[in-house]
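K.L.:
Have a look at the structure that comes next, please.
The values are calculated or read from the model by the stated rules, or taken from the named source; none is laboratory data. Predicted model only: the values in this text are computed from it and were never measured. Virtual Cβ from ideal backbone geometry, glycine too; neighbours counted across all protein chains shown. With ligands, DNA and RNA removed, areas are computed over all heavy atoms of the protein, side chains included. Shrake-Rupley method; radii C 1.70, N 1.55, O 1.52, S 1.80 Å.
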Amino acid sequence: MTMMNSKKEIIKSIFVGLFFIVILAFPFLHMGFSKLQNWQPYKTHYKKYNRIINSSNAANEKLLSALKEGEISIHEYSDRYQEILTEKSVNLKNYHKMKKKLKEEYSFMGYSSFRYFLYAIGLPVFSLVLTIFFLSFMLVNQGVAIMKKRLYITIGIGFVFVSSFWVLQALLVRTDFPNRVYGYSLVCVAIITTLIVYSGLRYFNYLKSVQKQKDEDTEEFIRTGLNFIDDLNKTIVG
């Protein structure tokens, strides 16, 4: 039975360890994934833009040179110039259409890439788990003074609220929350901050009163000791 319990504890410890490794590494996970700009299909397509522009400019220069040399008339120049512009416009339109398609293909949950999604959510998840762990520890810890415990729990609730907000912002919306959500959140933060200040003042006043009581007890102890010594000396002398 003891060996079985020991194995369960080892397995539990391994899972807990793996969990915290993932959480601690979460803000850095995005480094293992490529940016959109480094994705080979996108890089290959991106280079086509300069080719289109350079090809159009070269055609224009050649056409202008032909006009100067008298090889073509001004009317022919105008017609062929419009053809070059039309071809350039069509090529650029197709280029941007394909570029948009590649971006959509590489995107993830509204982000430009899975890498950027991990970057956006990494720190909020890390903060959320850390604060939940801290809050849970304070709730179950019986060795902390009640005033101190209330202060830390209030601080923990504040951190959990803010980190939860940014986790939800990263997960549930493609762009951003409406402005009113930020307004309500600021109100909640203000209320929590007020509670933190109130709890902090109560806790520090409590510490001050405890210290004052200790000082008074110490003075009383010293005074009692001195009186006892005086009485003892009088008894000996008498």
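K.L.:
Which of (1) loosely packed, with under 14 Cβ neighbours inside 10 Å; (2) modelled with pLDDT under 90 is the odd one out, the single condition Asn94 does not satisfy?
P.N.:
Unmet for Asn94, out of (1) loosely packed, with under 14 Cβ neighbours inside 10 Å; (2) modelled with pLDDT under 90: (2).
K.L.:
Here are the criteria: (1) in contact (Cβ under 8 Å) with a residue 24 or more places away in the chain; (2) farther than 30 Å from Val162 by Cβ. Tell me which single one Gly200 does not satisfy.
P.N.:
Looking at each condition in turn, Gly200 falls short on (2).
K.L.:
Considering only residues that are closer than 16 Å to Tyr119 by Cα and open to solvent by 90 Å² or more (accessible area, probe 1.4 Å), which ones fall in the stretch 6-32?
P.N.:
We begin by selecting, within the stretch 6-32, every residue closer than 16 Å to Tyr119 by Cα; these are 22-32.
Within the stretch 6-32, Leu24, Phe28, Met31 meet the criteria.
K.L.:
Would you mind telling me which numbered condition in (1) over 30 Å from Phe117 (Cα atoms); (2) charged (D, E, K, R); (3) surrounded by 11 or more Cβ atoms within 10 Å (Cβ to Cβ) Lys68 fails?
P.N.:
Only one criterion is unmet by Lys68, namely (3).
K.L.:
When the residues of the stretch 97-120 are narrowed to those that are out of contact with any helix residue (DSSP H, G or I) (no Cβ under 9 Å at 6 or more places or on another chain) and modelled with pLDDT of 90 or more, which ends up most open to solvent (accessible area, probe 1.4 Å)? Explain how you work it out, then say what you get.
P.N.:
Of all residues in the stretch 97-120, those out of contact with any helix residue (DSSP H, G or I) (no Cβ under 9 Å at 6 or more places or on another chain) come to 97, 100-101, 104.
Filter once more, keeping what is modelled with pLDDT of 90 or more: 97, 100-101.
Values: Lys97: 152, Lys100: 126, Lys101: 121 Å².
The selected residue is Lys97.
K.L.:
In the stretch 35-142, which helices (runs of 4 or more DSSP H) lie fully inside it and hold 1 or more residues that are free of Cβ contacts under 8 Å to residues at least 40 places away in the same chain and small (Gly, Ala, Ser)? Working first, answer last.
P.N.:
Details: elements: 40-46, 48-68, 74-106, 114-140.
Where helices (runs of 4 or more DSSP H) fall fully within the stretch 35-142 and carry at least 1 residues being free of Cβ contacts under 8 Å to residues at least 40 places away in the same chain and small (Gly, Ala, Ser), they are 48-68, 74-106, 114-140.
K.L.:
If Phe177 meets every condition in (1) of a type outside the set (Asp, Glu); (2) assigned to a helix (DSSP H, G or I); (3) modelled with pLDDT under 80 apart from one, which number is that one?
P.N.:
Tallying (1) of a type outside the set (Asp, Glu); (2) assigned to a helix (DSSP H, G or I); (3) modelled with pLDDT under 80, Phe177 fails exactly one: (2).
K.L.:
Any idea which residue in the stretch 188-226 is farthest from Tyr152 (Cα to Cα), counting only those that are charged (D, E, K, R), loosely packed, with under 11 Cβ neighbours inside 10 Å and under 47 Å from the mean Cα position of the chain (by Cα)? Break it down stepwise before answering.
P.N.:
In the first step, residues of the stretch 188-226 are kept if they are charged (D, E, K, R); the result is 202, 208, 212, 214-217, 219-220, 223.
Now restrict to residues that are loosely packed, with under 11 Cβ neighbours inside 10 Å: 208, 212, 214-217, 219-220, 223.
The next check asks that each one be under 47 Å from the mean Cα position of the chain (by Cα); those that pass are 208, 212, 214-215.
Working: Lys208: 18, Lys212: 23, Lys214: 24, Asp215: 27 Å.
Per the stated criteria, the residue is Asp215.
K.L.:
Within the stretch 26-69, work out how many residues are among the charged types (D, E, K, R) and in contact with a Lys or Arg (Cβ under 8 Å, 6 or more places away or on another chain).
P.N.:
So the first thing to find is which residues in the stretch 26-69 are among the charged types (D, E, K, R), and the list is 35, 43, 47-48, 51, 61-62, 68-69.
Checking which are in contact with a Lys or Arg (Cβ under 8 Å, 6 or more places away or on another chain) leaves us with 35.
Adding up the residues that qualify gives 1.
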